[in-house]
Every structure is written in structure tokens, then in C-alpha cells.
Amino acid sequence: MFDDSEYRKAMEAAVSRFNDEMKKVRTGRAHPDMLSTVKVEVYGQYSPLNQVANVTAADATLLQVTPFDPSTIQAISAAIRNDASLGLNPSDDGRVVRVPVPPLTEERRKEIVKTASSKVEDAKVAIRNVREDARKELKTAELPEDVKKRAEKSVDELTKTFTDKIDEAFKIKSAEIMSI
């Protein structure tokens, strides 16, 4: 009998990575994960923003960054400003950094959906690669032909299930991005 559990886990991991990527995509509402890619130079090395400060969404249009060490506030502000992919302009008052999140234009929303769709394709490729690995194992396995065919059909159904999950997650995210 063919055990597809390791391939199922690999496909679940691909969907999980995709969902994590979708959380980082900007939807027009302020969300702390928007700043998850920001690296801040503190104490002579680069650290993720969430390791040097607490990031919260004060409301739908404002992120508030409270540094653990107030002396790092200038570095945090500069790191957010220098991340061109975010396009944000933070301001600080010496204690906290406030990051206003401007509303997205229709053109920018379409651009974001297009970028997100490339992440969909990357996730589907990862799932198809897992399917190919399973097929290679099946070809070399010493199993009766009918068992191989059933196992191959099972792997194809798994692939379809997981690609459908990705499509559904993307559909929800793109609707969220396009809504004003």
C-alpha cells in the first residue's frame, strides 16, 4: 500500500506558507503584519521590527509602533520609511512611531491583486512539485499496477484539493483588496 501522508503534509505546508504570504499583502486597512518584512538596524545588526518593538493597529488607518528601547525610535522610523515596497511615511514623537496607512487607489489595488496572483502560482507550483515527487516514488515502488493507478489517482485528488484551497483563499483575499 502507498502512504501519501508525507506528501499530504508537504502540500499542507505549501498552503500554510501561501496563507502566511497572503497575510502580508496590504488590503487598505492597517494591520501589524504589514510591517513584518521591515528590518531595523539596532546595536550594529539588523533585526526584524517585531523583535525591537510592539506593532499594533490603532485603527483602520494607523499603525502604532512602540519600541522596547526608546533610543531605537529613529532607526525604526528610518527602516519603515526606507522600505519602498510599503510606501509608508512614519512620524515619531519621541516615544512611539505612528504610521498612517493611506487609502489605496483603484490602480494600486489592481496592482496588489496582480502581485498576489503570482504568489498563487508559486504555491501551486510547490504543490505540483510534491505531486511529481509522489509520482516518481510510485514509479519506482514495487506495487501491483492497479494499486499504483489507485495511488496515483489519490495523489491527483490531493493535488486538486490543495490547489482549490489556494484558489479559494486567493478569491477571498482579492475581494478583500478590491473592496473599499
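The values are calculated or read from the model by the stated rules, or taken from the named source; none is laboratory data. Since this is a predicted model, take the numbers as computed values, not measurements. Quick reminder, even Gly has a Cβ in these numbers, built from the backbone with ideal geometry, and neighbours come from all protein chains shown. Side chains included, ligands, DNA and RNA excluded: accessible areas come from the protein's heavy atoms. Shrake-Rupley method; radii C 1.70, N 1.55, O 1.52, S 1.80 Å.
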Partner lysines whose C-alpha sits under 23 Å from that of LYS136, ignoring same-chain residues fewer than 8 away, are LYS9, LYS124, LYS148, LYS149, LYS153, LYS160
Any of LYS39/LYS173; LYS24/LYS173; LYS23/LYS173; LYS39/LYS119 with alpha carbons more than 18 Å apart? Name them for me. LYS39/LYS173; LYS39/LYS119
For every helix of n ≥ 4 consecutive DSSP H residues, a contribution of -39,500 (n - 2.57) applies; sum these over the chain, divide by its total residues, and give [θ] at 222 nm rounded to the nearest 500 deg cm²/dmol. -20000 deg cm²/dmol
Paramagnetic reach from VAL147 in segment 1-45 [backbone N under 14 Å; point 7 Å along Cα→Cβ]: 1-4
What figure in square angstrom, to the nearest 10, would you give for the accessible area of ASP3 with a 1.4 Å probe? 100
Excluding ligands, DNA and RNA, the carbon-plus-sulfur percentage of the accessible area of the chain with a 1.4 Å probe reads 50
Per residue, how large is the accessible surface of segment 17-161? Use a 1.4 angstrom probe and give square angstrom. 59
Selected from LEU62, VAL96, ASN19, residue furthest toward positive end of dipole (segment 8-119; charges at beta carbon): ASN19
Identify which of ALA58, ALA123, ALA84 has the largest mean-square fluctuation in a Gaussian network model of the chain, with springs joining Cα atoms closer than 10 Å. ALA84
Which residue, ALA53, PHE170, ALA151, has the largest displacement toward the positive end of the dipole of the chain when charges sit on each Cβ (Lys, Arg +1; Asp, Glu -1)? PHE170
Using a simple charge model, +1 on the beta-carbon of Lys and Arg, -1 on the beta-carbon of Asp and Glu, nothing else, what dipole does segment 11-52 show about its Cα centre, in debye to the nearest 20? 160
Heavy atoms only, probe 1.4 angstrom, no DNA, RNA or ligands counted: give me GLU157, GLU142 ranked by accessible area, highest first. GLU142, GLU157
Within segment 20-153: Cβ-based charge dipole about Cα centre, in debye rounded to nearest 20 (Lys, Arg +1; Asp, Glu -1): 480
Taking only the alpha-carbon positions of the chain and ignoring solvent, what does the Debye formula give for the base-10 log of I(q)/I(0) at q = 0.13 Å⁻¹? -0.76
Exposure ranking of PHE2, PHE162 by accessible area [1.4 Å probe, largest first]: PHE2, PHE162
Taking SER77, SER117 and ranking on accessible area (1.4 Å, protein atoms only), highest first, one gets SER117, SER77
With springs only between Cα atoms under 10 Å, which of VAL99, VAL147, VAL52 fluctuates most in a Gaussian network model of the chain? VAL147
